[in-house]
Amino acid sequence: METLPEYQHLLGQRIGIKNTNQKEHLLYENTGMKSEQHVGSIRFVGKLINNPKAGDSIWIGVEWDYDAE
């Protein structure tokens with residue numbers, strides 16, 4: 001997988017999301033993310049190949065900063 005050239009400027013950008021509901025809270029706890037605010041860096045933007053469920057959509061891959069507790 002390679003990031004599409006038109007999205008190269010997004011790589012490395014910092015993003016954050018806030019946990020706003022119980023379902024999201026459980027999802028993040030299952031991945032080791034314990035806090036309500038999650039911050040990370042964009043590592044991939046593009047189409048997923050060999051994945052029919054992904055379709056023609058553009059996907060963003062994020063490397064999250066977190067301490068597994």
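Please name all residue pairs, on different chains or six or more residues apart, with Cβ atoms under 6 Å, provided the first residue is in the stretch 52-64 and is of a type outside the set (D, E, K, R) and the second residue is open to solvent by 70 Å² or more (accessible area, probe 1.4 Å) and at pLDDT 85 or above.
Pairs that qualify, where the first residue is of a type outside the set (D, E, K, R) and the partner is open to solvent by 70 Å² or more (accessible area, probe 1.4 Å) and at pLDDT 85 or above, are G61/R43.
Of the residues that sit in the stretch 13-40 and are of a type in the set (S, T, N, Q) and either assigned to a loop (DSSP other than H, G, I, E, B) or in contact with a Leu (Cβ under 8 Å, 6 or more places away or on another chain) (or both), which one is modelled with the highest pLDDT?
Among residues in the stretch 13-40 that are of a type in the set (S, T, N, Q) and either assigned to a loop (DSSP other than H, G, I, E, B) or in contact with a Leu (Cβ under 8 Å, 6 or more places away or on another chain) (or both), the one modelled with the highest pLDDT is Q13.
Quick check on the stretch 41-69: of everything there that is open to solvent by 100 Å² or more (accessible area, probe 1.4 Å) and of a type in the set (D, E), which residue is modelled with the highest pLDDT?
Checking each candidate, the answer is D56.
The values are calculated or read from the model by the stated rules, or taken from the named source; none is laboratory data. Note that this is a predicted model, so its numbers are computed, not measured. Cβ sites come from the backbone with ideal geometry, for glycine too, and all protein chains shown count toward neighbours. Calculation scope for accessible area: heavy atoms of the full protein, side chains included, ligands and nucleic acids excluded. Shrake-Rupley method; radii C 1.70, N 1.55, O 1.52, S 1.80 Å.
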